[in-house]
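Before any comments, here is the structure.
The values are calculated or read from the model by the stated rules, or taken from the named source; none is laboratory data. Predicted model only: the values in this text are computed from it and were never measured. Using ideal geometry, Cβ is built from the backbone for each residue, glycine included, and neighbour counts are taken over all protein chains shown. Protein only, heavy atoms only, side chains kept; ligands, DNA and RNA dropped before computing areas. Shrake-Rupley method; radii C 1.70, N 1.55, O 1.52, S 1.80 Å.
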Amino acid sequence: MHEVTNLNERISENITGKYYVNYRCIGCMLCSEIASANFTSNHLEGYDYVYKQPENDTEEQLCIELMDICPVNAIGNDG
Ligand code: SF4
């Protein structure tokens with residue numbers, strides 16, 4: 001298991017790009033349910049992560065909304 005010293009750190013599985021999930025994620029799986037084109041779950045570790053960056057407006061809009069919806073503010077965007 002990855003040793004986490006900073007919860008704001010990006011989960012290592014995130015694909016390169018502006019959207020990411022950090023280790024604050026509590027694995028509620030909302031993002032992988034709502035935006036399955038971009039987020040998926042690591043059930044073993046209990047978190048979701050970005051496996052594909054948004055490639056169109058619909059996907060981008062969902063990612064933006066999820067940044068508000070996530071209960072622990074674990075989704076970031078450094079774009
Ligand atoms: S919505 Fe937030 S807490 Fe829930 S799985 Fe996604 S990143 Fe994790």
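Restricting to the stretch 41-74, name every residue that is open to solvent by less than 60 Å² (accessible area, probe 1.4 Å) and under 14 Å from residue 17 (Cβ atoms).
49, 50, 52, 53, 54, 59, 60, 63
Quick test for you: out of 38, 77, 14, 22, pick the one residue that is open to solvent by 30 Å² or more (accessible area, probe 1.4 Å) and without any contact (Cβ under 8 Å) to a residue 60 or more places away in the chain.
Selected residue: 77, the only one of 38, 77, 14, 22 that is open to solvent by 30 Å² or more (accessible area, probe 1.4 Å) and without any contact (Cβ under 8 Å) to a residue 60 or more places away in the chain.
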